[in-house]
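See structure below.
The values are calculated or read from the model by the stated rules, or taken from the named source; none is laboratory data. Here the structure is a predicted model, which means the values were calculated and not measured. We place every Cβ from the backbone using ideal geometry, glycine too, and count neighbours over all the protein chains shown.
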Amino acid sequence: MWKINKDGKQMEFTEEMIPENAVGFVYLMTAIVDGKFVKYIGKKNFWAYPKTNLAKKDMPTDKRLKTYVRKKRNAYKNYFSSNEVLKAHKQSGGEIHRTILEICYSKISLTYCECKHLFINEVLEDESYLNNNILGKFYKTTS
């Protein structure tokens, strides 16, 4: 279950709360893994449009034309991070708290807002964050 801060209170996020034209959101996931409190900041799209091939009977006669059907589906409801530590924790039955930090209205602003939250929270300096890099350009230092 996703949570969001609204009017100073944390409440459950429902599909009806998705603003029109919203593309995705920046999130914070927290958990206690092996007795250590860990956090992860990331971004997620509200919707996914996976390409699926047409059925054979629906294929065009010209074989060079590649035609796909795009199906819209909720991409965020059962999402528990791209981080391997959090994925393993969830699969082993661990509890993960998921909070939406900011809702974004374009893919560009989604990437910007994720970077903004990563830098503001100093995820590369703080050992409690599981984030190892920002945009694949800035990395955690190994000491």
Residue list for region 96-124, restricted to those being out of contact with any Ser or Thr (no Cβ under 9 Å at 6 or more places or on another chain) and among the hydrophobic types (A, V, I, L, M, F, W, C): I100, L101, I103, I108, L110, C113, C115, L118, F119, I120, V123
Select from region 14-31 the residues that are exposed (fewer than 15 other Cβ atoms within 10 Å of the Cβ) and either hydrophobic (A, V, I, L, M, F, W, C) or part of a loop (DSSP other than H, G, I, E, B) (or both) and list them in ascending order. T14, M17, P19, E20, N21
Restricted to region 70-102 and to residues being over 27 Å from K9 (Cβ atoms) and charged (D, E, K, R), the residue surrounded by the most Cβ atoms within 10 Å (Cβ to Cβ) is K87
Of the candidates M1, M11, the one satisfying the condition of being modelled with pLDDT under 95 and either touching a His at 6+ places or on another chain (Cβ under 8 Å) or loosely packed, with under 10 Cβ neighbours inside 10 Å (or both) is M1
Mind checking whether some residue in region 103-120 is touching a Cys at 6+ places or on another chain (Cβ under 7 Å), under 21 Å from F25 (Cα atoms) and exposed (fewer than 13 other Cβ atoms within 10 Å of the Cβ)? no
Residue in region 17-27 that is under 28 Å from V85 (Cβ atoms) and more than 17 Å from the chain's Cα centre (by Cα) present: no
Quick one: how many residues across region 33-47 are of a type in the set (K, R) and under 20 Å from P19 (Cα atoms)? 2
